[in-house]
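Please treat every number below as a calculation from the coordinates, not as lab data. Because the structure is a prediction, the values reported are computed rather than measured. Cβ coordinates were reconstructed from backbone atoms using ideal geometry, including for glycine residues, and neighbour counts include every protein chain displayed.
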Amino acid sequence: MQRTKIKDLLTGAEAGNQVLLKGWVRTKRGNKFVNFIAVNDGSTIHNLQVVAEADKFSEETLKDVTTGAAVVVTGELVASQGKGQAFEIQAANIEVVGKADPETYPLQKKAHSLEYLREIAHLRFRTNTFGAVFRVRNTLAFAVHKFFNERGFVYMHTPIITASDAEGAGETFQVTNFDLDNMPRTEDGKINFAEDFFGKATNLTVSGQLEGELAAMAFSDIYTFGPTFRAENSNTARHLAEFWMIEPEMAFHDLKMNADLAEAFIKYIIRYALENNRDDIEFLGQRLVEEDKAKPQNERQEMTLIEKLELVVNNDFERVTYTEAIEILLNSSHYKKKKFQYDVSWGIDLQSEHERYLVEKHFKKPVIVTDYPKDIKAFYMRLNDDGKTVAAMDILAPGIGEIVGGSQREERLDLLVERMKAVGIHEEDLWWYLDTRRFGGCPHAGFGLGFERMVQFVTGMGNIRDVIPFPRTPKNAEF
Ligand code: ATP
Ligand code: MN
């Protein structure tokens, strides 16, 4: 007999079918005549209940059926008498293929805190919450490829080891194979990277954009989807040292087309998850409702998770310029009552409290903020005619803040070089990048979407550490 996954068992179920079930025991309850064993195999949030009549099985076998054990069950699918499920398996045979000692197994029936589960991240996949989160993550990743593939974008793998720091923020992890206790030095005592593996100082990439731009100048539309590294020592609920980023880059696109694509993209992948992982998202939404019960009334969510996602999918994103956003903040009663921790004036980098005010209090939906002051944005963003702002766009989402950062790129060689000089980037280091402006350059644009922030948004998980299987954060690289 062939194994059937629970998801398929439940969709194509017919009473009377003989089935072969393989999975892990979530719970066992019962009495001396009958045991009810909830089994999950990861294909869905739903368990399948196995009914084991005590007289059909040895005491030995039933004793080993404990939370966490791996089991193989054969039996007949029957309509369930109990509530909560339509079908259950009347077990004919149960084999415990992997025991889990109940004395030492770290996951108990009771709900554990997310913090505790982070410490046992190797086992947390086996909980309802993380099962749901990572199935949604998988669906979103698939939807990313589907969206771009349907639109003729070419998937590019940009390098993970690079010699450039695209953002110029200097928050990079160095890559070397030097013996750190014995580093080659130049005559003036500096570390001699000419002798290092790549013959120059290298680091883990902070973005695939610069290389993505090169490819866009041949394929028109490309995207990257890969790991990205930032050694920012910010212990926030929205930052990881290792995260995944999606970076499309489109030749012959301006800022408006860029924003339109980003909006369509975000809606598409959310809609795809709502259609394909409804049960998981409903479960995660219920989790938030439970979590809210412990909070004071004014801190509770106004909408359920599903309502929030449907609002995003079914409505146009708001679009404002940075200058308008500053006006809104300055005119807000929040500002007048001095409720912002950071001051507001034209030229500031919007703080997360400002972003959240705009999204959650003022517009109550995702907002695309465009045309930021050039001094707070990267060198490659296209200078606007006012000479003060650049064709940048950030997309801000409720509960998360910045989820997308993008821009129209500076395609004019002279202006680009001038900007690089101003921020201290050497032309020689980026000669290959500048070549795209020398040979067949064209207006182009792109953006970066932090994948984990997207997964946070769709799952409603408050901490980014809970939406990547094994988070890398300051002082933490376990597993
Ligand atoms: P933030 O201001 O939130 O630190 P950023 O301006 O550094 O973001 P970008 O350089 O524009 O972000 O990167 C593009 C996207 O990557 C961001 O919109 C965000 O979704 C995501 N991102 C940036 N840094 C991190 C991080 N440390 N961990 C997870 N995602 C991140
Ligand atoms: Mn940052």
Original post:
For the range 6-105, what is the largest minus smallest coordinate of the Cα atoms on each principal axis, given in angstrom and ordered from greatest to least?
Top reply: 37, 28, 22
Subject >> Label-point gap, in nm, between Asp292 and Leu123 - each point 7 angstrom along Cα→Cβ >> reply: 3.2 nm
Original post:
What FRET efficiency comes out for the pair Glu59/Ala237, r = Cβ-Cβ distance, R0 = 41 Å, nearest 0.05?
Top reply: 0.30
Original post:
So which GluC sites (Glu not before Pro) in the range 1-93 end up in coil per DSSP with only 11 or fewer other C-beta atoms within 10 Å?
Top reply: Glu14
Subject >> Length released on extending from Asp316 to Phe198, taking residue separation times 0.36 nm less the Cα-Cα span >> reply: 37.7 nm
Original post:
So if we plug the beta-carbon distance of Ile160 and Gln90 into 1/(1 + (r/R0)^6) with R0 = 45 Å, what FRET efficiency do we get, rounded to 0.05?
Top reply: 0.30
**OP:** Compute the relative contact order of the range 6-105 as a whole-number percentage, counting only Cα pairs closer than 8 Å that sit 6 or more residues apart in sequence.
**Re:** 30 percent
Original post:
Between the range 310-353 and the range 406-476, what's the alpha-carbon centroid distance in Å?
Top reply: 23 Å
Subject >> Antiparallel bridge percentage (DSSP; both residues within the chain; nearest 5) >> reply: 85 percent
Original post:
What does the helix-only formula give at 222 nm for the chain: each DSSP H stretch with n ≥ 4 adding -39500 (n - 2.57), the total divided by the residues, and the result rounded to the nearest 500 deg cm²/dmol?
Top reply: -9000 deg cm²/dmol
Original post:
Which FRET efficiency value, to the nearest 0.05, is calculated for Tyr342 and Phe470 with the Förster distance at 25 angstrom and r the Cβ-Cβ distance?
Top reply: 0.15
**OP:** With an 8 Å cut-off on Cα pairs and a minimum separation of 6 or more residues, tell me the relative contact order of the chain in percent.
**Re:** 13 percent
Original post:
Where the convex hull is taken over the Cα atoms of the chain, what is its projected area averaged over directions, in nm²?
Top reply: 28.9 nm²
**OP:** Check cross-link reach from Lys388 to the lysines: straight Cα distance under 18 Å, and skip same-chain residues fewer than eight apart.
**Re:** Lys374, Lys377, Lys421
